[in-house]
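Working notes, beginning with the structure itself.
The values are calculated or read from the model by the stated rules, or taken from the named source; none is laboratory data. Predicted model only: the values in this text are computed from it and were never measured. Heads up, the Cβs are rebuilt from the backbone with ideal geometry, glycines too, and the neighbour counts pull from every protein chain shown.
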């Protein structure tokens, strides 16, 4: 089983720094209508993948996800960076 990374307050601070360096993804309309944290349903719609595939990618670490309880989440800015820069 893959180790699950817990989110900490420093992660939120890191997202603020990341936001300063990122092009405005919302301005480009990439994630219009989505919140700051994307759940499996949102990721499935954005990435055009099945929900099970998204869950597996989160668990394997292919997506920069955090698990809170039984649910996986990806910060919108981190997904934007992944999609725009291929990191």
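Considering only the stretch 72-87, how many residues are in contact with a helix residue (DSSP H, G or I) (Cβ under 9 Å, 6 or more places away or on another chain) and surrounded by fewer than 13 Cβ atoms within 10 Å (Cβ to Cβ)?
The total comes to 1.
Against the condition at pLDDT below 90 and in contact with a strand residue (DSSP E or B) (Cβ under 8 Å, 6 or more places away or on another chain), how does residue 81 come out, does it pass?
Considered against the rule, which asks whether it is at pLDDT below 90 and in contact with a strand residue (DSSP E or B) (Cβ under 8 Å, 6 or more places away or on another chain), residue 81 comes out as no.
Every residue in the stretch 31-71 that is assigned to a loop (DSSP other than H, G, I, E, B), farther than 14 Å from residue 82 by Cβ and touching a residue at least 40 places away in the same chain (Cβ under 8 Å), please.
If the condition is that a residue be assigned to a loop (DSSP other than H, G, I, E, B), farther than 14 Å from residue 82 by Cβ and touching a residue at least 40 places away in the same chain (Cβ under 8 Å), then 34, 35, 36 are the ones that fit.
Would you be able to tell me the number of residues in the stretch 40-67 that are farther than 14 Å from residue 30 by Cα and loosely packed, with under 13 Cβ neighbours inside 10 Å?
Here the count works out to 6.
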